[in-house]
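Okay, so here's the structure we're looking at.
The values are calculated or read from the model by the stated rules, or taken from the named source; none is laboratory data. Everything numeric in this text was worked out from a predicted model, so none of it was measured. Here the Cβ positions follow ideal geometry from the backbone for every residue, glycine too, while neighbour counts run over all protein chains shown. SASA here: full protein model, heavy atoms, side chains in, ligands and nucleic acids out. Shrake-Rupley method; radii C 1.70, N 1.55, O 1.52, S 1.80 Å.
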Amino acid sequence: MQKIIRVNMTTKTVESEIAKVYISLGGRALASRITFDEVKPNCEPLGVNNKLIIAPGLLAGTNASSASRLSAGGKSPLTNGIKEANCGGTAGAKIAKCGIKAIIIEGKAEDDSCYVLKIDKDDISLIKNNDLRYLGTYETASILRDIYGERAGVLCVGPAGERGLKAAAIASTDPFGELKFAARGGMGAVMGIKGLKAIVVNDEGVDRMTYHDREAFIKIARDLNKQLAMSPKTQNIYRKFGTSGIVKAVNALGALPTKNFRYGSWEHVEKISGEKLYETICSRGGKGRTGIPCMTGCVIQCSNVYPDDKGENIVSTLQYENIALLGSNLGFDNLDSIARLNKVVNDLGLDAIETGVALGIALDKGLGRFGDEESCMALLGEIRKDTVLGRVLGNGALITGEVLGSSRIPVAKGQGFPGYDPRALKGNGVTYSTSPMGADHTAGNCFGARNEVNPLGMEQQGELSRGLQIKMATLDSLGFCIFAREPLFRDPSIMAGLVNALLGSDFSKDTIWDIGINTLKVEREFNIKAGISPAQDKLPEFCYYEQLEPMNSTFDLSDDELNKAIIV
């Protein structure tokens, strides 16, 4: 029987309990359910009464490829509602293999010290380590891997999280020590403000995973893994370009954020495209790599290491959202500048999407120049130095826009837009408006359905978003990466079979989606109790009247169309 670990940062106590009532939940479903059950909706997100829930996906730690993602949940400092951010890396699988279903971080350290939660087969304990105070994520992860071994999975925050900046993320080490991020919603601020700098987990010597029917599980997983490995998308797109492969396609759609979302296409798109990234990595060689897994055993292998002109590592992974928000949105026409900015944002422990939107607003208001790396680095330097301007920027797009007096703040429910302008991809506008997560593409990204539903159409957008929100909530709960979606969406009985073989449950290809439906209901109910009424299911005003070039489109869907997406 898996257990829940409860860490009280006020009393410095660690307790465990059997996870009886949550047996069929994992990942996002579990993080949201515990938040709903234990967190007062009207609490201060950075106060003592909020909690951070770390929950591996339901299938984490198994041999199912791409299914060991981890969710971080709680009340968001950005949206003031419920939030789940998820990431790859090795920690999700290792936590699950240690027999842990969730880690609940509660209370708040009162001694202004820096703590590490250490987990292994023999011990779970809080360790004070003030040498890590305000270190960047890269140095923090490196030090902890030196102390606890390179096999250890590390979750940590940077100085942004420790200072409670609302755009702060949680970093997770991958099998090679590179960092992936549970970035959206400011969950790094919730972790850091409690005094928890890092979680280190080592599964060496633990008993193997237990299954209701091990043979059945392995058979289904092997077939899924083969489908994913042999997929033309995996072989020809994901392993070469990763998520950056869609840069030119989003640009052609007229939805690529450009110069603070003033335009939907970028004349220099070829220079920042996935094809250019792949060509550059291959030609520079050295430490540059494509086709890297972010989770042990993942056959998709969509990560990369982007090198400088000497072959030295600048950043891993340079992906679509970062290219869009730190690239075209800031007016950059080269990948090197984007990669260098990305590295600094990562090291500060910030969400690259939220930070890119905030920087775009700052440049638009004259605090720097579009396409000027020095200007942007200077603004990030303000965050590093913890100046007043730095704290404004580090608290995200909404606060940045309000302080600077902007009438164009690309946020929904307090959270910055990801890399798809909702005026040109209207299904995403529905998701940004109606999802309990706010402006979060991972909650239901309609880009992949652009050939099925006209991205500029006035109809079918609500139903499209609703279906994808349900599907993504289910994937997030099982621990699957979105890149595994093709065979899973085509044949949901694969997911049902895996869960049933693991737990002895009786899900069918139809009822497996109930995991996502019930999660969305819980999340929406929490938000309403937190004061996020249906009146806030909307986009900022400029999206309704400012035409987006080159499509000259606005977000003009009816309320009835939006309401079709809402799960009640």
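Observations, loosely collected:
- Within straight-line reach of K128, meaning a Cα separation under 16 Å, sit the following lysines at least 8 residues removed in sequence or on another chain: K12, K108, K118, K194, K197.
- V315 long-range amide H proximity, modeled H, under 5 Å: Y306
- Rolling a 1.4 Å probe over the protein heavy atoms gives region 453-519 an accessible area of 38 Å² per residue.
- The portion of the accessible surface of region 365-485 made up by carbon and sulfur, rounded to a whole percent, is 50 (1.4 Å probe; DNA, RNA and ligands excluded).
- For K3 and D37, the difference between the fully extended length at 0.36 nm per residue and the C-alpha to C-alpha distance is 10.5 nm.
- Gyration tensor (alpha-carbon) shape descriptor, region 57-155, a/c threshold 1.5: oblate
- For I100, residues with placed amide H under 5 Å, excluding near neighbours: K3
- Residues in region 94-140 average 40 Å² of solvent-accessible surface per residue, probe 1.4 Å, ligands and nucleic acids excluded.
- Out-of-range pairs (alpha-carbon distance over 18 Å; input K40/K75; K101/K529; K51/K75; K413/K529): K101/K529
- ³J(HN,Hα), Karplus 6.51/-1.76/1.60, whole Hz, each residue of region 184-195, x for Gly, Pro: 7, x, x, 5, x, 5, 5, 5, x, 5, 7, x
- Charge dipole magnitude, Cβ of K and R +1, D and E -1 - the chain, Cα centre, debye nearest 20: 720
- Using θ = phi - 60° and Karplus 6.51 cos²θ - 1.76 cosθ + 1.60, couplings along region 278-285 (whole Hz; Gly, Pro as x): 4, 4, 5, 4, 5, 6, 7, x
- Sorted on the mean count of surrounding Cβ atoms within 10 Å across their residues, most packed first, peptides 234-244, 194-204, 76-86, 144-154 read 76-86, 194-204, 234-244, 144-154.
- Length-normalised contact order of region 124-247 in % [C-alpha pairs under 8 Å, at least 6 apart]: 19
- Annotation: peptides 500-506, 343-349, ranked by per-residue average of other Cβ atoms within 10 Å with the highest first, follow the order 343-349, 500-506.
- Region 447-498 versus region 146-209: alpha-carbon centroid distance in Å: 28
- R0 of 35 Å, Cβ-Cβ distance I147-K219: FRET efficiency to nearest 0.05: 0.30
- Of the solvent-accessible surface of region 45-146, computed with a 1.4 Å probe over protein heavy atoms with every protein chain present, carbon and sulfur atoms account for 40 percent.
- For the chain: rounded, prolate or oblate by the Cα gyration tensor [a/c cutoff 1.5]: rounded
- Region 207-348, accessible surface, carbon-and-sulfur percent (1.4 angstrom probe): 47
- Taking 0.36 nm per residue of separation and subtracting the Cα-Cα distance, full extension of the segment from S16 to D333 would add 109.0 nm.
- Cut-off under 5 Å, modelled amide H: who pairs with E549 long-range: G264
- DSSP bridge orientation in the chain - percent antiparallel, rounded to nearest 5: 80
- Ranking I95, L30, S16 by how far each Cα lies toward the positive end of the dipole of region 1-106 (charges on Cβ) leaves I95 at the top.
- A dipole drawn for region 96-233 from +1 and -1 charges on Cβ atoms has a positive end, and of A167, S231, L144 the residue lying farthest that way is S231.
- Dipole size of region 433-561 about its Cα centre, with +1 on Lys/Arg Cβ and -1 on Asp/Glu Cβ: approximately 480 debye, rounded to the nearest 20.
- Rounded to whole Hz, the Karplus (6.51, -1.76, 1.60) HN-Hα couplings of region 111-119, x for glycine and proline: 9, 6, 9, 10, 10, 10, 9, 9, 10
- Ligands, DNA and RNA are left out, and with a 1.4 angstrom probe the accessible area of region 158-214 is 28 Å² per residue.
- In terms of its alpha-carbon gyration tensor, region 329-425 comes out rounded; the largest-to-smallest axis ratio a/c stays below the 1.5 threshold.
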